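Reviewing the structure listed below.
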Amino acid sequence: MENEEQISKYLFQLKKLRRDRNKVRGDAPHKPVLLLAIIEGIENGDIISNRIAISPELVLSFKDIWSKLVETDHLQNFAMPFFRLKSDGFWKLHSKHGAFIPRTISSFSGLREAIELAEMDKMLFSFLLNPISREVIKSELLNHYFPKTKERLINSENDFANQLASQVLESDSLTYAERIAELRSKMKVSDFEEEIYVRNGIFKKEIPKLYNYTCAISGLRIEATINAQLVDACHIKPFSISQDDTVGNGFSLTPTIHRAFDRGLITIDENYLVRISKSIVENDSVYSLKQFEGKKILLPLEKRFYPLQENLGWHRRECFLG
């Protein structure tokens, strides 16, 4: 009985979200789209706590659901609902380093700079964890806010994720960089920031898959029962320089070896053999980097997914300390 009263209370709140009103465009759809994206994240196992962080997966889900449900000409903006849900009684923002939370935030970069995460009411989150009550809440959101387009979301795949994953896996670096330049010229700054953030998230997700979630240098592979990735997708040539999130510009490394690679203490030669900088001074240890000198790195099963020697050559010339 108590649970029924609680879920009824939340259903009432969720159907009374405070939204910007416009006589021409109608009420802003941002908040219900974000809530549906959170529900999708829970269903996928990406969200396991009521402390909800800004993540590429959540932003990507928001963009995909928006494309399916929203027919008005409202501007798609992830930062706005993530910040403004704090006015609806079940969403508390936590700032980074305990800093002051601004009165308003509208840009994606501003959101990421100021906000660490949002905390959803534990009771509401517990209802979302339960498949039965989650479906009730999801149906209420769809029926109330998107009655005309709700069918588009049923049994649909994340088209945005599939499209971007295809670009990461199949595009050559020049085509990809040209696409990024085109997006930069056409999109608003905040929209472009979201786009790059999501694309980088796809890169971080797809590269470890190609290496079976194994470090290409050490061979370390750890599986977890939760949805957690314990190896990094490493850009060979930094994205800030290359604008390249394609597979030829990446491989999978543990965080420590990733840092060593970025700092030029390790590189990969023309034969995909590991080379260690002579500047490294280490004690004898089973964790020594020098043990990997001359070792051939783990490579994907398909040659088309290998790191490009063009990028590794750049790393040897520009980063490696010799």
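The values are calculated or read from the model by the stated rules, or taken from the named source; none is laboratory data. The structure presented is a predicted model; accordingly, all values stated were derived computationally and were not measured. Positions of Cβ are backbone-derived with ideal geometry, glycine not excepted, and every protein chain shown enters the neighbour counts.
Among the residues of the range 168-195, those that are touching a residue at least 24 places away in the same chain (Cβ under 8 Å) and part of a helix (DSSP H, G or I) comprise Val168, Leu169, Ser173, Tyr176, Ala177, Ile180, Ala181, Val189, Ser190, Asp191, Glu193, Glu194. Checking each residue in the range 212-238 for being of a type outside the set (A, V, I, L, M, F, W, C) and farther than 21 Å from Cys319 by Cβ picks out Asn212, Tyr213, Thr214, Gly219, Arg221, Glu223, Thr225, Asn227, Gln229.
Looking only at the range 207-262, residues that are over 18 Å from Pro56 (Cα atoms), touching a Cys at 6+ places or on another chain (Cβ under 8 Å) and not small (Gly, Ala, Ser) come to 8 in all.
It is to be established whether one or more residues within the range 276-290 are in the same structural domain as Leu174 (by TED's automatic domain parsing), part of a loop (DSSP other than H, G, I, E, B) and buried (at least 16 other Cβ atoms within 10 Å of the Cβ). Yes - at least one qualifying residue is present in the range 276-290.
Considered as a group, the residues in the range 196-226 that are assigned to a loop (DSSP other than H, G, I, E, B) and aliphatic (A, V, I, L, M) include one that is surrounded by the most Cβ atoms within 10 Å (Cβ to Cβ), and that residue is Ala216.
For beta carbons closer than 9 Å, sequence separation of 6+ or different chains, a first residue in the range 300-322 that is exposed (fewer than 12 other Cβ atoms within 10 Å of the Cβ) and a second that is in a loop (DSSP other than H, G, I, E, B) and small (Gly, Ala, Ser), the qualifying pairs are Glu318/Gly264; Gly322/Gly264; Gly322/Ser277; Gly322/Ser279. Put simply, of Ile266, Ile236, Ile241, Ile297 the only residue that is over 23 Å from Ile222 (Cα atoms) and aliphatic (A, V, I, L, M) is Ile241.
Counting residues that are modelled with pLDDT of 95 or more, out of contact with any Ser or Thr (no Cβ under 9 Å at 6 or more places or on another chain) and farther than 28 Å from Phe192 by Cβ, which helices (runs of 4 or more DSSP H) fully inside the range 4-93 reach at least 1? Break it down stepwise before answering.
Details: elements: 30-44, 56-69, 79-84.
Answer list for the range 4-93: 30-44.
Which of the strands (runs of 3 or more DSSP E) found entirely inside the range 227-269 contain at least 1 residues meeting this: modelled with pLDDT under 95? So that I can check it myself, show each step before the final result.
Numbers: elements: 232-235, 250-253, 266-268.
Because the criterion is at least 1 residues that are modelled with pLDDT under 95, the strands (runs of 3 or more DSSP E) in the range 227-269 that meet it are 232-235.
Please verify whether the range 126-149 includes one or more residues that are touching a residue at least 24 places away in the same chain (Cβ under 8 Å), surrounded by fewer than 15 Cβ atoms within 10 Å (Cβ to Cβ), in the same structural domain as Arg25 (by TED's automatic domain parsing) and more than 21 Å from Ser8 (Cβ to Cβ). For the range 126-149, residues touching a residue at least 24 places away in the same chain (Cβ under 8 Å), surrounded by fewer than 15 Cβ atoms within 10 Å (Cβ to Cβ), in the same structural domain as Arg25 (by TED's automatic domain parsing) and more than 21 Å from Ser8 (Cβ to Cβ): present. For Leu164, the conditions (1) within 30 Å of Glu113 (Cβ to Cβ); (2) without any contact (Cβ under 8 Å) to a residue 40 or more places away in the chain all hold with the exception of (2).
Could you say which residue among Val24, Val70, Val33 is crowded, with 22+ Cβ neighbours inside 10 Å and of a type in the set (Val, Ile, Thr)?
Going through Val24, Val70, Val33 in turn, just one is crowded, with 22+ Cβ neighbours inside 10 Å and of a type in the set (Val, Ile, Thr): Val33.
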